[in-house]
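Data first, discussion second: the structure below is written as C-alpha cells.
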Amino acid sequence: MSKYFTALGIAVVTFSSAATLANVDGDAFGEETHSVSRQMMEMDAIQSFGRIDIDRNGVIDMDEFRAQAVVYAELARLNRKISVDTGDTLISISAPRGVADRVDPTERAAIDAIARRRFHLETEGTGFDRQAWAKYRLARFEEFDNNDDDILSGAELAGFYRAVSFSTSSNI
Ligand SMILES: [Ca+2]
Ligand SMILES: [Ca+2]
C-alpha cells in the first residue's frame, strides 16, 4: 500500500472525528459564521498542521498534501460545513448553493492530479513546514478576498467554500 493511501486512511479517521461527534453534539462544527478574518484563517492553518502532518516529521509531504485535499473536499461536501479552528473556538462556514453531496471517483482523480501539481508549484517538491503551510493557506485566503479588507464574506466566502470542496472549475 502506498504512503498516500496510508495517509488518506489516517486522514479520514482523523478528520471524520468531527463528523462522528456531530451525531451526538450538534455544535461539533462550531457556531455558524458568515465572515472569516485573515487572523482566524492563520490560526486555523496553525491548528490544522498537526492533523495533516500525519507522520509528525514537521513537513507536509506530497502524500499528506494529496490526502488532505481529498479529505477536505469529501468532508466539505458530506458535512455541508467547513470548520475553522481559531484555537480558542471552532466556527463553521455553511455550504453555498451548487456544492454536490459527494466526490465521485472521476472528481477524486482530478482532485488528486490538481493536488500533485499544486504541491510541486508551491514547494518545488520540498514540502510545507509550519511557516510555509500558514503562508500557503493565507495566499488562498487572499485569492478570494476580492476587496482586500482581510475578511471573507458573502460571495468571497462562497467562492472559498467552492474551491476547498473542489466544486468549481477555477481549481483546474
Ligand atoms: Ca509529514
Ligand atoms: Ca473581503
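Structural remarks
- A DSSP coil position with no more than 15 other Cβ atoms inside 10 Å describes the following GluC sites (Glu not before Pro) in the stretch 80-172: E124.
- In this label model, T14 and E32 are separated by 3.0 nm, measuring between points 7 Å along each Cα→Cβ vector.
- Orientation-averaged projected area, Cα convex hull of the stretch 3-165 (nm²): 9.1 nm²
- Trypsin sites (Lys or Arg not before Pro) within the stretch 94-147: DSSP coil, no more than 14 neighbouring Cβ in 10 Å: R97, R102
- Among W133, G9, A76 the positive-end extreme of the charge dipole of the chain (Cβ point charges): G9
- Label-point separation, D129 to A109 (7 Å along Cα→Cβ), nm: 3.8 nm
- Phi to ³J(HN,Hα) by Karplus 6.51 cos²θ - 1.76 cosθ + 1.60 over the stretch 74-86, Hz, x for Gly, Pro: 4, 6, 4, 7, 5, 7, 6, 8, 10, 8, 10, 9, 8
- Taking label positions 7 Å along the Cα-Cβ direction at both H120 and R140, the computed distance is 2.0 nm, reported to one decimal.
- Taking the Cα centre of the chain as reference, the dipole from Cβ charges on Lys and Arg (+1) and Asp and Glu (-1) amounts to some 600 debye.
- The chain - mean residue ellipticity at 222 nm from DSSP helices (-39,500 (n - 2.57) per run, n ≥ 4, rounded to 500): -18000 deg cm²/dmol
Quick note: the coordinates plus some simple rules give every number you see, no bench work behind them. The shown structure was predicted, so the numbers you read here are calculated from the model rather than taken from an experiment. Note that we place each Cβ from the backbone using ideal geometry, even for glycine, and neighbour counts take in every protein chain shown.
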